[in-house]
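*Asks:* Have a look at this one before I ask anything.
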Amino acid sequence: MISSFTPPQRILMGPGPSDVPQRILDAMARPTIGHLDPAFAELMEQTKTLLRYAFQTENALTFPVSAPGSAGMEMCFVNLVEPGDTVIVCRNGVFGGRMLENVKRCGGVPVVVDDAWGAAVDPAKVRAAFEANPQARMLAFVHAETSTGAQSDAAALAAIAREFGALTIMDCVTSLGGTPVRVDEWGIDAAYSGSQKCLSCTPGLSPVTFSERAVERVRARRMPVQSWFLDLSLVLGYWQSGGHRTYHHTAPVNPMYALHEALVMLREEGLENAWARHRAMHLRLKAELEALGLSFVVAEQDRLPQLNAVHVPAGVDEAAIRARLLTEFDLEIGAGLGDMAGKIWRIGLMGHSAREENVLHCADALRQCLG
Ligand code: PLP
């Protein structure tokens, strides 16, 4: 007989999802209402306002896609890239590679700017790519590369794109709520994130925001968007403010309660305080990890506080240690992805996971496993 599922209580210090506060889980357990109920419409409006705060933008077109971060990514690409468009894509880890895949699938012509895994995107290479391809209509880059823990200079990259008259798509799945993301100040035209990282919400929703320039680009499309579900012009019938909301898809009502609560909590803490907390916890963890003899993958100036990638010491079976952390200490940390599989650990300090008790628990557990 299969009975109800009771998950173990874990401490989530991997690359996401992060620990979800009880307050958010409680919000999700509230009664389900219809996705066209006027009360739900009120929650949608508040969620848009709260997301504008998180993204630091005035963009009217700011809302959560009813699907994980990968769907937010696809929404940006399928709406903004048309067949034949040249797109400069920065690749310094796994998620830049996914952007490249999106460009190809949209029929775009990618120009790839490669940087080493663990390094930030080099603005000089991006400038050179624009100089060699002045017809480029778009720049795509990952602000916070979760596969390595490297942060790129989004402001500098977006400024170069503007200079060459191109739009910018930014992946801020891992940065939103953890380190500064300033969509308007930086001049970003489209950005996507995820609910499960520094917002500490349950997985499965993808906040997105589009500038007026991006909306104009979508309106001027020569061909319809090839994805029905992700076509902005159709989704907007449901997410637009005021007026008549029409059925597009059945919104994930209860997860939306959770996201709303997570954003209310972010507002209560204040963005600056949240950024400072992530940084302070990173410095605590860094001291503990270095005391254990572990070294960081990313150079200090490019390090993300919320994703600490460290080299696995020589001769250590990294998978066995992660398995022990999980079974004996209820602690999840992340393995390396792609080229870094087997070589690094990724220790997340995202959202509610960025707490002193987690730092100390992780350091103590690693000490026992490595000792
Ligand atoms: N982009 C980055 C930088 C990520 O870290 C992730 C997930 O880890 C994604 C995109 C995809 O998000 P999701 O797994 O929610 O689809």
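*Asks:* Would you pull out the residues with amide H under 5 Å of ILE11's amide H, same chain only if 5 or more places away, H placed 1.01 Å from N?
*Replies:* LEU331, GLU332
*Asks:* From the Cα gyration tensor of the range 288-371, with a ≥ b ≥ c the square roots of its eigenvalues, which class applies: rounded if a/c is under 1.5, or else prolate if a/b is larger than b/c, or else oblate?
*Replies:* rounded
*Asks:* In what sequence, largest accessible area first, do GLU318, GLU74 appear using a 1.4 Å probe?
*Replies:* Per-residue accessible area, sorted high to low, gives GLU74, GLU318.
*Asks:* Can you figure out the FRET efficiency of ALA276 with MET1, using R₀ = 45 Å and their beta-carbon distance, to the nearest 0.05?
*Replies:* Taking R0 as 45 Å, the efficiency between ALA276 and MET1 is 0.35.
*Asks:* Starting from 0.36 nm per residue, how many nanometres of slack lie between ALA319 and ARG221 once their C-alpha separation is accounted for?
*Replies:* Separation in residues times 0.36 nm, less the Cα-Cα distance, equals 30.5 nm.
*Asks:* Just need the Rg to Rh number for the range 176-281, please, alpha carbons only, Kirkwood Rh.
*Replies:* Answer for the range 176-281: 1.01.
*Asks:* Which length gain, in nm to one decimal place, applies between GLU45 and ASN133 when the Cα-Cα distance is subtracted from 0.36 nm times their residue separation?
*Replies:* Residue separation times 0.36 nm, minus the Cα-Cα distance, leaves 27.6 nm.
*Asks:* If you don't mind, another one. Kindly provide the helix-only [θ] at 222 nm of the chain, computed as the sum of -39,500 (n - 2.57) over DSSP H runs of four or more divided by all residues, to the nearest 500 deg cm²/dmol?
*Replies:* -13000 deg cm²/dmol
*Asks:* Run the accessible area of the range 182-289 with a 1.4 Å probe and give the carbon-and-sulfur part as a rounded percent.
*Replies:* 56 percent
*Asks:* Which shape class applies to the chain: rounded if a/c is under 1.5, otherwise prolate when a/b exceeds b/c and oblate if not, where a ≥ b ≥ c are the square roots of the Cα gyration tensor eigenvalues?
*Replies:* oblate
*Asks:* Farthest toward the dipole's positive end in the chain, which of MET44, ALA154, GLN368, given Cβ charges of +1 (Lys, Arg) and -1 (Asp, Glu) about the Cα centre?
*Replies:* MET44
*Asks:* Right, another one. Once you have a ≥ b ≥ c as the square roots of the Cα gyration tensor eigenvalues for the range 262-315, tell me rounded if a/c is under 1.5, and otherwise prolate or oblate according to whether a/b is larger than b/c.
*Replies:* Since a/c reaches 1.5 and a/b is larger than b/c, the shape of the range 262-315 is classed as prolate.
*Asks:* May I ask you to order 283-291, 99-107 by the average number of other C-beta atoms within 10 Å around their residues, highest value first?
*Replies:* 99-107, 283-291
*Asks:* Could you tell me how many cubic angstrom of Cα convex hull volume the range 28-178 has per residue?
*Replies:* Dividing the Cα hull volume of the range 28-178 by its residues yields 128 Å³.
*Asks:* Still on this structure, please answer the following. Using a Cα-Cα cut-off of under 28 Å, which lysines could be cross-linked to LYS343, ignoring same-chain neighbours fewer than 8 residues away?
*Replies:* LYS125, LYS197, LYS286
*Asks:* Something else: At what distance in nm do the modelled label points of GLU357 and ASP114 sit from each other, each positioned 7 Å from its Cα along Cα→Cβ?
*Replies:* Each label point is offset 7 Å from its Cα along the Cβ direction, giving 4.6 nm.
*Asks:* Give, as a single signed number, the net charge of other residues whose beta carbon lies under 11 Å from the beta carbon of ALA60, with Lys and Arg counted +1 and Asp and Glu -1.
*Replies:* After counting each charged neighbour, the total is 0.
*Asks:* If r is the Cβ-Cβ distance from ALA287 to ALA341 and R0 is 35 Å, what FRET efficiency results, to the nearest 0.05?
*Replies:* Once the sixth-power term is evaluated, E becomes 0.80.
*Asks:* Give the ranking of ASP302, ASP317 by solvent-accessible surface, highest area first, calculated with a 1.4 Å probe.
*Replies:* ASP317, ASP302
*Asks:* Another question, then. State the extension gain, in nm to one decimal, for the chain segment bounded by HIS311 and GLU269, taking 0.36 nm per residue of separation less the distance between their alpha-carbons.
*Replies:* 11.8 nm
*Asks:* If ligands, DNA and RNA are left out, what is the accessible area of HIS35 with a 1.4 Å probe, given in Å² to the nearest 10?
*Replies:* Surface accessible to solvent at HIS35 totals approximately 30 Å².
*Asks:* Do any chymotrypsin sites (Phe, Trp or Tyr not before Pro) in the range 164-232 lie in a DSSP loop with no more than 12 other beta carbon atoms within 10 Å, and if so, which?
*Replies:* TRP228
*Asks:* Put +1 on the Cβ of each Lys and Arg and -1 on the Cβ of each Asp and Glu in the chain; which of ASN59, LEU349, THR246 then has its Cα farthest toward the positive end of the dipole?
*Replies:* Projecting each Cα onto the dipole axis, the largest value belongs to THR246.
*Asks:* Hey, another quick one. Could you give the accessible area per residue of the chain, probe 1.4 Å, as a whole number in Å²?
*Replies:* 40 Å²
The values are calculated or read from the model by the stated rules, or taken from the named source; none is laboratory data. Just so we're clear, the structure is a prediction, and the values are computed from it rather than from any experiment. Cβ: placed from backbone, ideal geometry, glycine included. Neighbour counts: every protein chain shown. Ligands, DNA and RNA are stripped out before the accessible areas are found, and what is left, the full protein with its side chains, is counted by its heavy atoms. Shrake-Rupley method; radii C 1.70, N 1.55, O 1.52, S 1.80 Å.
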